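Data block below; observations after.
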Amino acid sequence: GENVEQHPSTLSVQEGDSAVIKCTYSDSASNYFPWYKQELGKRPQLIIDIRSNVGEKKDQRIAVTLNKTAKHFSLHITETQPEDSAVYFCAASKGGSARQLTFGSGTQLTVLP
Amino acid sequence: DSGVTQTPKHLITATGQRVTLRCSPRSGDLSVYWYQQSLDQGLQFLIQYYNGEERAKGNILERFSAQQFPDLHSELNLSSLELGDSALYFCASGLRETEAFFGQGTRLTVV
């Protein structure tokens, strides 16, 4: 089955700096890659997703890039703010759908004021 | 608020017991997904229903079962509970299968 590895497990940045979280996946048939943000004690919240027919997608301060050849995708957060502090999860699935998402192990992002 | 409602929010029960977790998807969503989140296993897909039919099955134990009713709400039944079943159980829903929006989860503690 699919295996998703996520790095780093923890990341601390100064407010205003950029943060990058990377994920690799094993199944070349995977073609849907969402990112979720989970604050302590709360639900995972979908923040951005990408499908394999595009290489990059942006939404304000958040961007995701996808390299299908290398089987990795990354989350980029620019101009980080304290409220960006949370655990971020990447995930992958096939069929362009959210069916049977395989999640990475998560990255605890801390934005220092 | 994602619009996905899960009840109860917290549940404490003893080993060997059976519990039912309930999920009401967002209005109009046909897909319901169940996930388990624990410290050692992370977020793991359990099962998915689409418009009442089972669509995909993941790492769901035989002691666990689920169903989706005609009104599209779903229930996850956990039986013969063990200490290791203690976890956060999330339900997610989506209009078709293109996205998954998570509910607030049910925290299950087995003592």
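The values are calculated or read from the model by the stated rules, or taken from the named source; none is laboratory data. Note that this is a predicted model, so its numbers are computed, not measured. Here the Cβ is made from the backbone with ideal geometry for all residues, glycine too, and neighbour counts use every protein chain on show. Ligands, DNA and RNA are excluded from the accessible area calculation, which covers all protein heavy atoms including side chains. Shrake-Rupley method; radii C 1.70, N 1.55, O 1.52, S 1.80 Å.
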Taking the stretch B:37-96 and keeping only residues that are over 24 Å from A:GLN38 (Cβ atoms), acidic (Asp, Glu) and out of contact with any strand residue (DSSP E or B) (no Cβ under 8 Å at 6 or more places or on another chain), one is left with B:GLU62, B:ASP71
Which residues, counting only those in the stretch B:34-65, are of a type outside the set (S, T, N, Q) and farther than 23 Å from A:ALA91 by Cα? B:GLY52, B:GLU53, B:GLU62, B:ARG63, B:PHE64
Can you name the strands (runs of 3 or more DSSP E) wholly within chain A that have at least 2 residues being free of Cβ contacts under 8 Å to residues at least 60 places away in the same chain? A:19-25, A:30-38, A:45-51, A:56-59, A:62-67, A:72-77, A:86-94
Sole exception among (1) open to solvent by less than 30 Å² (accessible area, probe 1.4 Å); (2) more than 18 Å from A:LYS42 (Cβ to Cβ); (3) aromatic (Phe, Trp, Tyr) for B:PHE102, by number: (2)
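Here is a yes/no grid of residues against (1) away from every other protein chain (no Cβ under 11 Å); (2) under 18 Å from B:THR106 (Cα atoms); (3) in a strand (DSSP E or B):
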| position | (1), (2), (3) |
| --- | --- |
| B:ARG22 | yes, yes, yes |
| B:ARG26 | yes, yes, no |
| B:TYR35 | no, yes, yes |
| B:LEU43 | no, yes, yes |
| B:GLN48 | no, yes, yes |
| B:ARG55 | no, no, yes |
| B:GLU62 | yes, no, no |
| B:SER65 | yes, yes, yes |
Going by what's in this entry, would A:LYS68 be described as at pLDDT below 95 and either away from chain B (no Cβ under 14 Å) or under 11 Å from the mean Cα position of the chain (by Cα) (or both)? yes
For the stretch A:3-57, enumerate the residues that are farther than 22 Å from A:GLN81 by Cα, touching a Phe, Trp or Tyr at 6+ places or on another chain (Cβ under 9 Å) and open to solvent by 40 Å² or more (accessible area, probe 1.4 Å). A:ASN3, A:GLU5, A:THR24, A:ARG51, A:SER52
Of the residues in the stretch B:3-20, those that are buried (at least 18 other Cβ atoms within 10 Å of the Cβ) and within 11 Å of chain A (Cβ to nearest Cβ) come to B:VAL4, B:GLN6
When residues of the stretch B:72-97 are limited to those that are closer than 24 Å to B:GLN17 by Cβ and open to solvent by 60 Å² or more (accessible area, probe 1.4 Å), the one nearest to the other protein chains (Cβ to nearest Cβ): B:GLY84
Which members of the stretch B:39-71 meet the condition of being aliphatic (A, V, I, L, M) and buried (at least 21 other Cβ atoms within 10 Å of the Cβ)? B:LEU43, B:LEU46, B:ILE47, B:ALA66
